[in-house]
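Report on the structure given below.
Read-outs throughout are calculated quantities, based only on the coordinates presented, and are distinct from any laboratory measurement. A quick note: this is a predicted structure, and the numbers were derived from the prediction, not measured. As a convention, Cβ positions derive from the backbone with ideal geometry for all residues, glycine included, and neighbour counts pool all protein chains shown.
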Amino acid sequence: MGRLDEEGLLRRVSRGDRAAFEEFYRRTSPWLAVRLRRRCADEQIVGEVLQETYLVVWRAAGSFVGGAAGGSALGWLWTVAARRLVDAFRSEGRHQISVRAAACADSAEADTPSAEETLLESTLSGDVGDALATLAPELRQVLQALVLDGLSVRETSALLGIPEGTVKTRARRARLAMRKAMS
C-alpha cells in the first residue's frame, strides 16, 4: 500500500478502496480504543462505538476529504467516535447501566482517575506532574487534547463542545498556570 499518511488513506477510502480502509483501521484502531477506554471502562460500549465509528469511516470518508480544511484524519476520526460514544449513552436501554455510565463519564466530578491520567501521573513526575495536577479539570482537558492527543484547536473545540476561542483561552491559562506552578 506504500506509505500513505492517514489523510491519504481516507481519500482512497472515500473512493471505495477496501485495502486503504483496512490499513487505516490497522493504524488507528489501537489509538482510538485507548482514547475510548479513557472515557469509558465498559468494554461492550467501547467495542460498539469502535464498530460504529469505522462503519461511519467507510460510508462517509468523503465528508472528511471534502470538508477537512486544516483538520487531521485522527481529529476527524476522534470527533466521529466521541459523538458515537455520546449517542451510546443516550440510546434507549442505557439508562439501566447508569452506574457504569457514570464511571465512564469524562467529567470533573469523576472520582476515579482514568487510565490515561494514571499513566500520566506515573510518567510525569516532579515539577511537571505536580504542576499538571494543580490545573483545573477544564484546563487539563484542553492541554490533554492539544498536547497529548495532538489535536488542533478546531478539533479540540469539536471534541470538548466549546468554542475555538475558549480552547485558546484555556490553553493560554493552562500554560500560564503550569509556568507559575513550576517556578
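Side notes on the structure shown:
- Estimated FRET transfer efficiency when R0 is 22 angstrom, pair Glu164-Ala136 (beta carbons, to 0.05): 0.70
- Annotation for Glu43 and Arg26: the two label points, set 7 Å from Cα along the Cα-Cβ direction, are 2.5 nm apart.
- Integer Hz, Karplus 6.51/-1.76/1.60 couplings in order for the stretch 31-47, x for Gly and Pro: 4, 5, 4, 4, 4, 5, 5, 5, 9, 8, 8, 7, 4, 5, 5, 4, x
- Separation in nanometres of the label points that stand 7 Å from Cα toward Cβ, at Arg15 and Arg3: 2.2 nm
- Relative contact order (percent, whole number), the stretch 17-87, Cα cutoff 8 Å, 6+ residue spacing: 38 percent
- Residues whose amide H falls under 5 Å from that of Ala41, counting only those 5 or more places apart or on a different chain, are Cys104, with hydrogens built in the peptide plane.
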